[in-house]
Each structure stands twice: as C-alpha cells, then as structure tokens.
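> Let me begin by handing over the structure; questions about it come next.
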Amino acid sequence: GQQLNQSPQSMFIQEGEDVSMNCTSSSIFNTWLWYKQDPGEGPVLLIALYKAGELTSNGRLTAQFGITRKDSFLNISASIPSDVGIYFCAGGTYKYIFGTGTRLKVLA
Amino acid sequence: GAVVSQHPSRVICKSGTSVKIECRSLDFQATTMFWYRQFPKQSLMLMATSNEGSKATYEQGVEKDKFLINHASLTLSTLTVTSAHPEDSSFYICSARAANTDTQYFGPGTRLTVL
C-alpha cells in the first residue's frame, strides 16, 4: 500500500530540546493528521489540520499544513521523557495514508 | 474526546480457526469505520473501509473473503479473520469517523497471534 515519506526515521534527543519531523507526499491532501503511538497501543490523535498554511498548537506541539498541500511538519518544544514514542503523520480526505513513522527517544 | 474500544485486546488462536474482532464507538455514532493492520516496527496499512449498512471497500491486495467486515450499526464494526494462518499474526487497529468530520479516532488495537 501507499505510504507517506516521513523523516527522520528515528531520533535521540536530550530532555528539554526541541524536535522537528515532517511528512511529504506526491499527492495533494485536504487534511493532515498527526498521531502518537505508544508500544502495544493504538494511535492517539495529537493535531488535525484542515487548511493549507494552517498552523495549529496543542500544548508543546505545533503542526503546520504546508502551502503546497503536499507536506506537513510537527514540532515538539522542550521535550520531556514521556514524549517517547512513535509519531505518525496521516494525509488524506475521506481515508488516510499513514507516514512511515518517526521513533523518538528522549535522553534524560 | 471521542472514544473507540476494541475487543479482545489480545487473542491467540490455532492455525485454521477464525477470529472475530469488535470495534465500538462509545460516545458517538460512526458512519464510517476503518480497519488497519500493523506489523512490528511498521506503519499502519489500511485494509478496508466500512460504512454502516453497506459492504466494505477493500484496499488492493486485501482478500475480502479472508477478512470479513460487518458494520451493522452506527457504533459497531467487526472484522473476522477466517482460517487464520501464522502470517496473519499482526496488530489490528480500527478507527471510527463521525458524520461531517474528517478526523479518525483509533481504538487501542488487537494483537492477534496465530500458532
């Protein structure tokens, strides 16, 4: 099945650092969603983006819907140990394609 | 926020048996439910989309006779893995979407192990 390109694949960061990850697609999407998945659990919605250029925050998380509608990025500011997990982007309209995931590990 | 449950959370079965997984939207009516499969350290792959009261639409490469989907009510969809084999072992996750929204809410997933 089709997947979105998500980078980086994984990252180790120090607690307190900011994190950036992004997703790119060859197709235009009407909606971008960002999820976090902890081991053995289902994804949890973090941020939903519905308009090109939209910048939306949820606490320490900020995500943007790219102007071209083919990309999106997620920033996490001042990371903490509980930010550990796998972050997925998803793009689509009616049904969604998921990114390959970014595995985040935070060093205390 | 919207809550989606799945049952069972884990199931182990013998090769050749069938397994049914339930997905329920607890506090909203889900006009559409989606079934995904996730292999270890991989992303979610959409298997099928089901709308309440109609036949599911399967993604390319997904056998509809093997993965039976029923969406009989606005709060319940079921996935039955028929004649399961070890290669069907995976994490199966459902999501639900309410009418007039593009946001999907995911269930906690079901870990299927076929011996």
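> Give me the one-decimal nm value for the distance between modelled label points at residue A:28 and residue B:42, 7 Å along each residue's Cα-to-Cβ direction.
A separation of 3.2 nm, rounded to one decimal place.
> Would you mind checking the range B:12-39 for residues with the amide N under 20 Å from a putative spin-label position 7 Å along Cα→C-beta of residue B:72?
It comes to B:18-35, nothing else.
> Please check which bits of the range A:76-98 a label hung off residue A:20 would reach, taking the label as a point 7 Å along Cα-to-C-beta and the cut-off as backbone N under 11 Å.
A:76
> FRET efficiency for residue A:44 and residue B:65, Cβ-Cβ distance as r, R0 = 41 Å, nearest 0.05?
The computed FRET efficiency comes out at 0.80.
> Taking a cut-off of 28 Å between Cα atoms, list the lysines near residue A:105, but don't count ones fewer than 8 places away on the same chain.
A:36, A:70, B:41
> Output wanted: per-residue J couplings in Hz (rounded whole) for the range A:58-71, from phi through Karplus 6.51 cos²θ - 1.76 cosθ + 1.60, θ = phi - 60°, x for Gly and Pro.
Computed from phi, the couplings for the range A:58-71 are 9, x, 7, 9, 9, 10, 10, 8, x, 4, 6, 6, 10, 8 Hz.
> Let me ask another. Peptide A:49-61: average number of partner chain Cβ atoms within 10 Å per residue?
If you average over the peptide's residues, the count of other-chain Cβ atoms is 0.
> Pop out the ³J(HN,Hα) list for the range A:98-108 in order, Karplus 6.51 cos²θ - 1.76 cosθ + 1.60 with θ = phi - 60°, rounded to Hz; leave Gly and Pro as x.
9, x, 7, x, 10, 8, 9, 10, 10, 8, 6
> Quick one: what are the phi-derived ³J(HN,Hα) couplings along the range A:24-32, Karplus 6.51/-1.76/1.60 with θ = phi - 60°, whole Hz, x for glycine and proline?
Result, ordered by residue: 10, 9, 8, 10, 7, 10, 8, 9, 10 Hz.
> Here is a further query. Can you give the % of DSSP beta bridges in chain A that are antiparallel, to the nearest 5?
Approximately 85 percent, going by the DSSP bridge assignments.
Every read-out reported here was derived from the displayed coordinates using simple, explicitly stated rules and does not represent laboratory data. For clarity, every value in this text was computed on a predicted model and none was experimentally measured. Positions of Cβ are backbone-derived with ideal geometry, glycine not excepted, and every protein chain shown enters the neighbour counts.
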